[in-house]
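The values are calculated or read from the model by the stated rules, or taken from the named source; none is laboratory data. Worth saying up front: this structure is predicted, and the values here are computed from it rather than measured. Cβ placement follows ideal geometry from the backbone for every residue including glycine, while neighbour counts extend to all protein chains displayed.
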Amino acid sequence: MSEIRHFLTLMDFSRDELQQLISRAIELKASRKKGEIHEPLKNMTLAMIFEKSSTRTRVSFEAGMNQLGGQGMFLSSRDTQLGRGEPIEDSARVISSMVDVVMIRTFGHDIVENFAKYSKVPVINALTDDFHPCQLLADMMTYVEHRGSIAGKTATYVGDGNNMCHSWMNAAKQFGFHLNIACPKNYEPDEKLTKSLSDHITIFHDIKDAVKNVDLITTDVWASMGQEDEQKIREKAFKSFMVNDAVMALADKDAIFMHCLPAHREEEVSASVIDGKQSVVWDEAENRLHAQKALLETLVVGFPK
Ligand code: CP
Ligand code: NVA
């Protein structure tokens, strides 16, 4: 039997494998639009463990698994023994003995790492406090569809140095583009990751300096899940970091705007930008489905020959 592959960050796949995944996602999208049936995961089950809320991730994984011929099984920590303190190691051994692939959305990144260590089947990180790699698969696919290869381009991430920012940083290395990060002081991304990716990123504290002539601007909420208590403090800290028309005007005229969603209009992004012509957020959300179908197929049956 071949070694189990997990997808906990974008660094778990090589550059070539990531490119192959994006191409496969684009093929699967076209195939679905033609109404073709493709069921390589027939009779298989995806366990979907959620310790945080979700709309896109849940719907895309569950619908995607159905479209591939299998089933998604929703497991919330509220209704399983996970929420009552059963160790991750024990849960991983048990759950992975009954299903074919697992996805987890949780808090600490060490939780998915630990689960993967004890799992007999592939494990997918569906968002932790530190990374959200599935979102970046959809984001990279969306850029390719709208503008072609992102290699050699410059993107700007505006906002908190959070899980989305960290995954954009990994993407810069893996997909060969430069990432500007515009964030308030004290909200920078992880120091260790910043050091290790220093050739691929530049940090700015003034949004205007970070967006000049760039090819893409993306942002995320100011307070992530688990940081609800900090909403008010963060609104103050981030108030000059809204992506609005004036910010978009500084970017290249063909720049596109992305947001992983959910969005807060008139906080991190103005309604005019997210609902405007340069925004590709709805394609980006739909592409979660296609990109994750490619990911599930690859992890379970391998890369198509
Ligand atoms: N972008 C994203 O992961 O959305 P959900 O939180 O709705 O899954
Ligand atoms: N940074 C956000 C992303 C949501 C998809 C959060 O973790 O809540």
Looking at (1) closer than 21 Å to R56 by Cβ; (2) touching a residue at least 60 places away in the same chain (Cβ under 8 Å); (3) charged (D, E, K, R); (4) surrounded by fewer than 13 Cβ atoms within 10 Å (Cβ to Cβ), find the lone condition where E228 falls short. (2)
Just to be sure before I move on: is K208 assigned to a loop (DSSP other than H, G, I, E, B) and basic (K, R) in the structure I sent? no
Of (1) hydrophobic (A, V, I, L, M, F, W, C); (2) within 16 Å of ligand 1 (Cβ to nearest atom); (3) crowded, with 24+ Cβ neighbours inside 10 Å, F115 satisfies every one except (2)
Quick one: would you say S54 is crowded, with 22+ Cβ neighbours inside 10 Å, within 16 Å of ligand 1 (Cβ to nearest atom), of a type outside the set (F, W, Y) and within 16 Å of the chain's Cα centre (by Cα)? no
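On the given criteria, is E230 farther than 30 Å from R32 by Cα and either modelled with pLDDT of 95 or more or away from ligand 1 (no atom under 16 Å from the Cβ) (or both)?
In short, yes.
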Does S91 satisfy being farther than 30 Å from I256 by Cβ, touching a strand residue (DSSP E or B) at 6+ places or on another chain (Cβ under 9 Å) and away from ligand 2 (no atom under 15 Å from the Cβ)? yes
Result of the Cβ filter at 6 Å on the range 51-62, keeping first residues that are on the phi < 0 side of the Ramachandran plot and in contact (Cβ under 8 Å) with a residue 24 or more places away in the chain and partners that are more than 6 Å from ligand 1 (Cβ to nearest atom) and small (G, A, S), at least 6 apart or interchain, is E51/S77; R56/A285; T57/A126; F61/G72
What are the pairs with Cβ atoms under 8 angstrom where one residue, in the range 121-150, is in contact (Cβ under 8 Å) with a residue 12 or more places away in the chain and within 16 Å of ligand 1 (Cβ to nearest atom) and the other, located anywhere, is among the hydroxyl-bearing types (S, T, Y) and assigned to a helix (DSSP H, G or I)? Sequence gap at least six, or different chains. A126/T57; L127/T57; F131/S167; H132/S167; P133/S167; C134/T57; Q135/S167; L136/S167
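Let's see how each residue does on (1) over 22 Å from N43 (Cβ atoms); (2) within 15 Å of ligand 2 (Cβ to nearest atom); (3) not aromatic (F, W, Y):
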residue: G108; (1), (2), (3): yes, yes, yes
residue: E113; (1), (2), (3): yes, no, yes
residue: P122; (1), (2), (3): no, no, yes
residue: N125; (1), (2), (3): yes, yes, yes
residue: H132; (1), (2), (3): yes, yes, yes
For the subset of the range 250-294 comprising residues that are more than 19 Å from H146 (Cβ to Cβ) and of a type in the set (A, V, I, L, M, F, W, C), which member is surrounded by the fewest Cβ atoms within 10 Å (Cβ to Cβ)? A271
T156 being within 16 Å of ligand 1 (Cβ to nearest atom), in contact (Cβ under 8 Å) with a residue 40 or more places away in the chain and out of contact with any Gly (no Cβ under 8 Å at 6 or more places or on another chain): no
Do any helices (runs of 4 or more DSSP H) lying entirely in the range 231-305 carry at least 1 residues that are in contact with a Ser or Thr (Cβ under 6 Å, 6 or more places away or on another chain), and which ones are they? 245-250, 281-301
Screening M73, M44, M48, M65 for residues that are within 16 Å of ligand 2 (Cβ to nearest atom) and either of a type in the set (K, R) or surrounded by 14 or more Cβ atoms within 10 Å (Cβ to Cβ) (or both) leaves only M48
